[in-house]
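Everything on this sheet refers to the single structure shown next.
The values are calculated or read from the model by the stated rules, or taken from the named source; none is laboratory data. Predicted, not measured: the structure shown is a model, and the values here were computed from it. A quick note on method: Cβ atoms are made from the backbone with ideal geometry, for glycine too, and the neighbour counts reach across all protein chains shown. When the accessible area is computed, the model is the full protein with side chains, heavy atoms only, and any ligands, DNA or RNA have been set aside. Shrake-Rupley method; radii C 1.70, N 1.55, O 1.52, S 1.80 Å.
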Amino acid sequence: MKSEMPEEIKFNNNFKKASFAERQAIDRDFYDKKYSITDYKRALNIDRAFIRGIVEKYKIPKGNLLLDLGCGTGWYSNLFAELGLNVVGIDYSKTGVMNAKKLYGDKIHWVVGDAFNMPFRHEPKFDIIFCCDFPPYNLIDTPEQTIEITKKIFEFLTKDGVFIFIWSSKLTGKRDGDSVIIEYTTNQVKEIFSKSGIIIGAIYTTNKQLFPILGQYAISNFITKLTSFAIKFHHGNVRIICGVKKNT
């Protein structure tokens with residue numbers, strides 16, 4: 001019997017009453033079912049340019065140890081590995097990680113695990129933590145609750161390491177309807193990191209489609225002004241991108 005696509009998680013009364021741990025379980029179950037049937041649609045030329053642009057913008061050397069937080073089926077993990085980084089991909093969806101290993105093999109170290117209880121206590125910390133649309137940032141009631149999430153993640157970053165935070169957003173600052181997705185604003189992102197005792201660099205907005213043309217220059221103040229203005233007139237998303245360091 002063919003499996004049916006799981007229904008998107010809704011911000012309904014059941015979700016509202018659930019604890020953070022219960023919401024994580026709901027989210028994990030959703031992705032296990034999703035990855036057993038399908039995956040997100042990808043555009044290789046755009047995403048390859050997107051990842052290369054990030055590596056160039058933040059001057060990430062080859063050989064750095066990078067953690068892809070919430071790696072799913074390993075798409076971005078593989079693109080970082082292509083550029084010479086040593087990559088660990090972690091996701092709490094066993095199905096997602098199994099699919100990643102089948103697709104990309106053992107050149108990447110794959111881990112099924114919870115980002116808030118990562119099995120790296122006795123191993124070297126990471127030079128780079130890549131955090132792109134990481135679901136726990138949606139599993140909270142208010143943006144303020146993300147401060148504790150961020151502090152826990154930063155325990156696994158080296159002293160001079162960089163946390164690269166990326167979020168796809170309509171910049172409304174709230175959930176739309178019963179969607180579980182929080183459409184963070186750049187000011188909300190700035191508040192999350194500044195209140196976490198963390199040094200935050202410039203916060204940019206951009207579109208992935210610009211990277212094959214502009215490369216790292218798709219992450220710039222000019223493109224931020226352009227995309228932040230344009231989103232007022234269309235219903236699409238922009239990508240919020242910022243690089244963050246420990247305040248030590």
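Scanning segment 196-226 for residues that are closer than 28 Å to GLN145 by Cβ and more than 20 Å from the chain's Cα centre (by Cα) gives a single hit, GLY197.
Can you say whether GLY113 is over 28 Å from THR206 (Cα atoms) and under 16 Å from the mean Cα position of the chain (by Cα), as far as the supplied structure shows? In short, yes. Where helices (runs of 4 or more DSSP H) fall entirely within segment 1-116, those with at least 3 residues that are buried (at least 18 other Cβ atoms within 10 Å of the Cβ), among the hydrophobic types (A, V, I, L, M, F, W, C) and modelled with pLDDT of 95 or more are at 44-57, 75-82. Might you check whether a residue that is in contact with a Lys or Arg (Cβ under 9 Å, 6 or more places away or on another chain), touching a residue at least 24 places away in the same chain (Cβ under 8 Å), small (Gly, Ala, Ser) and under 20 Å from ASN12 (Cα atoms) occurs anywhere in segment 179-199? Yes, there is a match, as at least one residue in segment 179-199 is in contact with a Lys or Arg (Cβ under 9 Å, 6 or more places away or on another chain), touching a residue at least 24 places away in the same chain (Cβ under 8 Å), small (Gly, Ala, Ser) and under 20 Å from ASN12 (Cα atoms). Total residues in segment 118-132 satisfying the condition of being open to solvent by 40 Å² or more (accessible area, probe 1.4 Å) and either modelled with pLDDT under 85 or in a loop (DSSP other than H, G, I, E, B) (or both): the figure is 6.
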